[in-house]
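The values are calculated or read from the model by the stated rules, or taken from the named source; none is laboratory data. Please read these numbers as outputs of a predicted model, since none were measured by experiment. Cβ placement follows ideal geometry from the backbone for every residue including glycine, while neighbour counts extend to all protein chains displayed.
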């Protein structure tokens, strides 16, 4: 395994958050506020909280699917707000115990088989993890969908037999973001994130993320499966599946430390 690729593991968390948007202006005639009195930014915030809560603890499988090979990674994840995340790999055996820590704007990686802790440098932000379709930058900027973009309601639409809002995000001037535009869809009733499209600065579609397998987990109705699909590659995607999740159980900030990531189980 290439050592540089390990860092991009964390990316899946932020894409998970990035998947939060809402609907918009029909032929330019949609009012700036929704009928519920919420603007687009407030809807993005609510959708983000729906999948995250004040804290979360989950068991997750990530499946990397390629035309000639597949790979499955099992992990446990913990989050506190948008500033703190910790991921523990539990399988495959050769990577068991490897951890990834996000603490505010820093990411750390602990690799027990070589006894080394590494801080992720800025030059690694666009790297993918172990051949997956997620990137490190998505983790670091996981709260930027609210802070670093403007939000425009675009249209009502029907997706997976649910009424949804389509919202378009454009980066603010000088915002430190990768994408030139993001289009996201979320249901009106449950704030479920069903689709996101990521465009580069030339307005070319790069990645598509889909949410599905809607079910109740942790006392909430969520999309328990996410697929990240490169727009220019056939028969390739990364699938994230939640096996369990718990929301809003107390987790101390002291849990998210470099020292703790070496001994977490």
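Of note:
- In region 239-247 there is at least one residue matching the filter, namely being in contact with a helix residue (DSSP H, G or I) (Cβ under 7 Å, 6 or more places away or on another chain), surrounded by 17 or more Cβ atoms within 10 Å (Cβ to Cβ) and within 30 Å of residue 160 (Cα to Cα).
- Residue count for region 221-252 under the criterion of being farther than 27 Å from residue 191 by Cβ and over 21 Å from the mean Cα position of the chain (by Cα): the result is 3.
- Pairs with Cβ under 6 Å, 6+ apart, first in region 147-161 and on the phi < 0 side of the Ramachandran plot and without any contact (Cβ under 8 Å) to a residue 60 or more places away in the chain, second buried (at least 16 other Cβ atoms within 10 Å of the Cβ) and not in a strand (DSSP E or B): 148/177
- Test for residue 242: is it in a loop (DSSP other than H, G, I, E, B) and at pLDDT 90 or above: no
- Qualifying positions in region 157-210 - closer than 27 Å to residue 126 by Cβ, in a strand (DSSP E or B) and touching a helix residue (DSSP H, G or I) at 6+ places or on another chain (Cβ under 9 Å): 167, 168, 169, 171, 182, 184, 186, 193, 196, 198, 207, 209
- The listed residue being in contact with a strand residue (DSSP E or B) (Cβ under 9 Å, 6 or more places away or on another chain) and on the phi > 0 side of the Ramachandran plot, out of 218, 211, 180: 218
- Flag: residue 264 matches the condition of being within 28 Å of residue 118 (Cα to Cα) and either assigned to a helix (DSSP H, G or I) or in contact (Cβ under 8 Å) with a residue 60 or more places away in the chain (or both).
- Residue in region 190-200 that is over 23 Å from residue 62 (Cα atoms), surrounded by fewer than 14 Cβ atoms within 10 Å (Cβ to Cβ) and modelled with pLDDT under 90 present: no
- Taking region 42-77 as the range and being more than 26 Å from residue 237 (Cβ to Cβ) and at pLDDT below 90 as the test, the residues that pass are 42, 43, 45, 46, 49, 53.
- Tally, over region 104-125, of residues that are surrounded by 12 or more Cβ atoms within 10 Å (Cβ to Cβ) and either farther than 18 Å from residue 89 by Cα or free of Cβ contacts under 8 Å to residues at least 40 places away in the same chain (or both): 3
- Condition met for residue 99 (under 19 Å from residue 242 (Cα atoms), buried (at least 16 other Cβ atoms within 10 Å of the Cβ) and more than 17 Å from the chain's Cα centre (by Cα)): yes
- Residue within region 18-40 that is modelled with pLDDT of 90 or more and outside any loop (DSSP other than H, G, I, E, B) present: yes
- Identity of the residue in region 62-80, assigned to a strand (DSSP E or B) and exposed (fewer than 15 other Cβ atoms within 10 Å of the Cβ), that ends up farthest from the chain's Cα centre (by Cα): 70
- Residue list for region 205-215, filter: surrounded by fewer than 20 Cβ atoms within 10 Å (Cβ to Cβ), farther than 11 Å from residue 229 by Cβ and touching a residue at least 12 places away in the same chain (Cβ under 8 Å): 212, 213, 214
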